[in-house]
């Protein structure tokens with residue numbers, strides 16, 4: 001009976017009424033949608049006017065909140081609409097001591113402002129144990145203690161002992177990060193070594209210089225961040241090199257050396273995050289003035305640049321460049337290997353002057369269950385170098401590598417690869433802790 005009444009009701013609805021119902025339904029929907037749009041626009045405008053006034057940190061147990069607050073200080077006072085969360089992520093990833101879980105903008109209940117809410121876990125940062133290093137020219141074994149988040153303050157402690165073809169050494173280093181922009185940080189350390197100094201050609205098969213020495217080097221320094229990206233530093237060190245007996249000296253110096261070194265520097269660094277890889281853009285300039293106790297001096301100027309840029313998420317351009325220019329008396333004591341930008345030279349090769357460059361690409365491949373990212377890279381590298389014994393050397397060649405980046409351990413990662421020096425027909429393997437391609 002009821003069912004029939006409901007069905008029968010439709011007989012009283014005419015076509016005109018159906019049209020009117022559809023008409024009003026359609027326009028009521030448009031009106032409601034317009035109201036929602038107006039409401040959303042008003043909300044967006046409201047959110048655009050909100051200011052980031054604070055930073056909150058959740059779930060960190062060891063790292064002090066002020067480390068995160070200092071890292072993100074530049075976002076305080078910005079409008080919410082001007083905050084790029086990928087920039088926030090890059091700043092946090094650049095710390096290297098926390099695993100970022102989430103980044104949120106949270107409205108404050110007691111005012112019309114907002115806060116950045118960071119949820120993160122501490123990375124495993126205390127690393128201690130034995131190690132070994134082998135290449136075609138040298139080998140070494142030893143033990144190390146490495147802590148890049150000492151006391152939860154992002155300070156660094158390194159204790160290292162080594163023994164190998166280059167002799168034995170013991171060293172200690174501590175660096176305290178400035179508490180805030182405009183404050184001073186400091187560093188202190190020292191090393192004692194019995195060195196078997198051997199300088200070779202680029203492939204490591206021809207000895208150019210060989211002698212033994214005892215070396216003592218205490219050092220200290222200060223740093224001062226002018227901005228979030230620009231930092232100045234000043235180092236002071238004492239170097240005492242005492243020559244010891246050697247059975248087969250080759251072009252050995254006749255005397256040892258004592259010197260006081262002043263090392264002012266300037267660094268500019270900015271990082272970006274593409275969702276897969278952390279890219280760096282940096283320029284580091286260091287000038288070293290070595291005052292010799294016998295009245296002479298050695299000067300050196302070093303420039304290191306990095307320009308990594310993602311042109312697709314997980315696919316980036318990688319480039320590095322280095323310059324070193326040294327002059328003065330006993331410059332052979334201050335030669336160094338151009339390892340910052342190239343991988344195809346022997347670890348025993350060194351130069352007083354060099355210019356090195358590397359250009360390539362890196363592709364993110366996949367991530368393991370425990371958070372480690374795996375990438376592959378290919379670059380072409382070139383280096384011009386000059387020294388007291390080797391003059392006007394030019395080397396170039398390709399380098400390919402596989403890399404691991406750790407999200408739960410506070411070290412940058414490992415690089416395993418191969419390099420070929422086309423100029424000297426020299427093939428070598430590459431292994432680095434702390435990606436250096």
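Among the residues of the range 125-144, is any under 21 Å from the mean Cα position of the chain (by Cα) and either assigned to a loop (DSSP other than H, G, I, E, B) or under 23 Å from residue 387 (Cβ atoms) (or both)?
yes
Quick grid of which residues meet (1) over 30 Å from residue 149 (Cα atoms); (2) assigned to a strand (DSSP E or B); (3) at pLDDT below 90; (4) not assigned by TED's automatic domain parsing to the domain that holds residue 281:
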site: 3; (1), (2), (3), (4): yes, no, yes, yes
site: 6; (1), (2), (3), (4): yes, no, yes, yes
site: 32; (1), (2), (3), (4): yes, no, yes, yes
site: 35; (1), (2), (3), (4): yes, no, yes, yes
site: 41; (1), (2), (3), (4): yes, no, yes, yes
site: 55; (1), (2), (3), (4): no, yes, no, yes
site: 63; (1), (2), (3), (4): no, no, no, yes
site: 86; (1), (2), (3), (4): no, no, no, yes
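Which ranges mark the strands (runs of 3 or more DSSP E) fully within the range 232-318 that have 3 or more residues being under 18 Å from residue 336 (Cα atoms), in contact with a strand residue (DSSP E or B) (Cβ under 8 Å, 6 or more places away or on another chain) and without any contact (Cβ under 8 Å) to a residue 24 or more places away in the chain? Walk me through it before giving the result.
Numbers: elements: 257-273, 278-292, 297-312.
In the range 232-318, the matching strands (runs of 3 or more DSSP E) lie at 278-292, 297-312.
Could you say whether any residue in the range 72-79 is under 13 Å from residue 105 (Cα atoms), part of a helix (DSSP H, G or I) and touching a helix residue (DSSP H, G or I) at 6+ places or on another chain (Cβ under 9 Å)?
Checking the range 72-79: at least one residue is under 13 Å from residue 105 (Cα atoms), part of a helix (DSSP H, G or I) and touching a helix residue (DSSP H, G or I) at 6+ places or on another chain (Cβ under 9 Å).
Do we have any residue at all in the range 211-227 that's touching a helix residue (DSSP H, G or I) at 6+ places or on another chain (Cβ under 7 Å), surrounded by 15 or more Cβ atoms within 10 Å (Cβ to Cβ) and assigned by TED's automatic domain parsing to the domain that holds residue 329?
Quick first cut of the range 211-227, residues touching a helix residue (DSSP H, G or I) at 6+ places or on another chain (Cβ under 7 Å) only: none.
Taking every residue of the range 211-227 in turn, none turns out to be touching a helix residue (DSSP H, G or I) at 6+ places or on another chain (Cβ under 7 Å), surrounded by 15 or more Cβ atoms within 10 Å (Cβ to Cβ) and assigned by TED's automatic domain parsing to the domain that holds residue 329.
Among (1) assigned to a loop (DSSP other than H, G, I, E, B); (2) farther than 17 Å from residue 201 by Cβ; (3) in contact with a strand residue (DSSP E or B) (Cβ under 8 Å, 6 or more places away or on another chain), which single condition is residue 424 missing?
(2)
Conditions first: (1) crowded, with 18+ Cβ neighbours inside 10 Å; (2) modelled with pLDDT of 90 or more; (3) closer than 30 Å to residue 99 by Cα. Residue 356 passes all but one, so which condition is the exception?
(3)
I'd like the residue in the range 321-346 that is surrounded by fewer than 18 Cβ atoms within 10 Å (Cβ to Cβ) and assigned to a loop (DSSP other than H, G, I, E, B) and, out of all such residues, is farthest from the chain's Cα centre (by Cα).
For the range 321-346, the residue satisfying everything is 329.
Is at least one residue of the range 271-282 over 30 Å from residue 102 (Cα atoms) and either at pLDDT 95 or above or assigned by TED's automatic domain parsing to the domain that holds residue 363 (or both)?
Checked the range 271-282: no residue is over 30 Å from residue 102 (Cα atoms) and either at pLDDT 95 or above or assigned by TED's automatic domain parsing to the domain that holds residue 363 (or both).
The values are calculated or read from the model by the stated rules, or taken from the named source; none is laboratory data. This structure is a prediction, so every number in the text was calculated from the model and none was measured. FYI the Cβ positions are ideal-geometry reconstructions off the backbone, even for glycines, and counts take in every protein chain you see.
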